1. Do you know which residues across the stretch 74-99 are free of Cβ contacts under 8 Å to residues at least 12 places away in the same chain and open to solvent by less than 40 Å² (accessible area, probe 1.4 Å)?
2. Quick check on this structure: which one of Ala196, Ala234, Ala216 is closer than 24 Å to Glu156 by Cα and exposed (fewer than 13 other Cβ atoms within 10 Å of the Cβ)?
3. For Met180, all conditions in the list (1) crowded, with 17+ Cβ neighbours inside 10 Å; (2) out of contact with any strand residue (DSSP E or B) (no Cβ under 9 Å at 6 or more places or on another chain); (3) of a type in the set (A, V, I, L, M, F, W, C) hold save one; what is the number of the exception?
4. Do the conditions hold for Pro240, that is, is it modelled with pLDDT of 95 or more and open to solvent by 10 Å² or more (accessible area, probe 1.4 Å)?
5. Looking at Ile259, Ile206, can you tell me which residue is touching a Leu at 6+ places or on another chain (Cβ under 7 Å) and of a type in the set (Val, Ile, Thr)?
6. Which of the numbered conditions does Met180 fail, given that it passes all the others? Conditions: (1) in a helix (DSSP H, G or I); (2) within 30 Å of Gly230 (Cα to Cα).
7. Gly222 passes all but one of (1) in contact (Cβ under 8 Å) with a residue 60 or more places away in the chain; (2) open to solvent by 10 Å² or more (accessible area, probe 1.4 Å); (3) touching a Ser or Thr at 6+ places or on another chain (Cβ under 8 Å); which number fails?
8. Taking only the stretch 243-265 into account, find how many residues are within 18 Å of the chain's Cα centre (by Cα), more than 22 Å from Ala196 (Cα to Cα) and open to solvent by 10 Å² or more (accessible area, probe 1.4 Å).
Amino acid sequence: DAVIMEGWCRKEGIGRVGFGQCSARILPAIPFPYEVEEKIVKAATATQPTPKFTNFKLYGFWRSSCTWRVRIALAAKEIPYEIVPIYLFSKEQMIDDYTAKNHMQQVPTLEFNDETDTIVRITQSLAIIEFLDSAFADRGGMILPLEPVARAKAKEIAEIVNSGIQPLQNLSTIQTLDSMAAQQGNPDEGVGKKFAKEAIEKGLSILEDKISRLHAADRKAGPFAVGSFGPTIADICLVPQFYNGRRFGIEVERICPTIVQIENACKNHPWFRAILPDMQRSIDSKK
């Protein structure tokens, strides 16, 4: 029978050489003169079993950083999927049909069929990313590091973005603050955006300090956020947040020089190519 070996290329410390899972197949010995029936060859070189999860659909908005994170994760796992645009400015997330899929009326929502052909839906970007990394552990690169400290550090950075910055820059937060200011007789319609900008700048400054210290402590660290040689969930969250920082007028190159270098490394990585928001906007507009 064929034998499949799986493993990781690793180095000392929290980094890895390369990224992703390695696999190989050892073929059965073939008697000289290497003549063998076709059915034996096909059995020995058979592909992996049919995936348990199929027919992926991603409901999201082209400029949503949470949707962007999931697009990166899907690219990392090489999973084909259909894009279903949800236009937040048109309040499509509040339509009954979408609310039935996502009770929080937010994006993204990942929909797919399981092995029994039942439709499954998962909301919240980090929950979706962890599902993809676990369900497709044998495909593409690993999004969450195996080493416990590196794994915790990657999730820490991701959560600072997801919990400490993201909710404060959301459109709903900005609109609520503007509405409250108007009710109190404040004519300044930019209250919400000013609040969001200050929150993003504070969060990015904290991340810069944390990540720069991590890299300074290990001269052999790789180019990505936790010092790895391939991107992780930390990088998946950082890149979209940097985009939002610039959109709100923050001088990210000045306050986050270390993260700028990480962003450049990500731009040259296959996970992050061809899924930038502006590219996604043109795709969504055709649907």
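The values are calculated or read from the model by the stated rules, or taken from the named source; none is laboratory data. Computed from a prediction, not measured in an experiment: that's the story for all the values here. Cβ coordinates were reconstructed from backbone atoms using ideal geometry, including for glycine residues, and neighbour counts include every protein chain displayed. The area values use the complete protein model at the heavy-atom level, side chains included, leaving out ligands, DNA and RNA. Shrake-Rupley method; radii C 1.70, N 1.55, O 1.52, S 1.80 Å.
1. Thr99
2. Values: Ala196 fails: exposed (fewer than 13 other Cβ atoms within 10 Å of the Cβ); Ala234 fails: exposed (fewer than 13 other Cβ atoms within 10 Å of the Cβ).
Of Ala196, Ala234, Ala216, the one residue that is closer than 24 Å to Glu156 by Cα and exposed (fewer than 13 other Cβ atoms within 10 Å of the Cβ) is Ala216.
3. Result: Met180 fails condition (1) only.
4. Details: modelled with pLDDT of 95 or more: yes; open to solvent by 10 Å² or more (accessible area, probe 1.4 Å): no.
So Pro240 does not fit the description; no.
5. Values: Ile206 fails: touching a Leu at 6+ places or on another chain (Cβ under 7 Å).
So the residue among Ile259, Ile206 that is touching a Leu at 6+ places or on another chain (Cβ under 7 Å) and of a type in the set (Val, Ile, Thr) is Ile259.
6. The number of the failed condition is (2).
7. (2)
8. Total meeting the criteria: 2.
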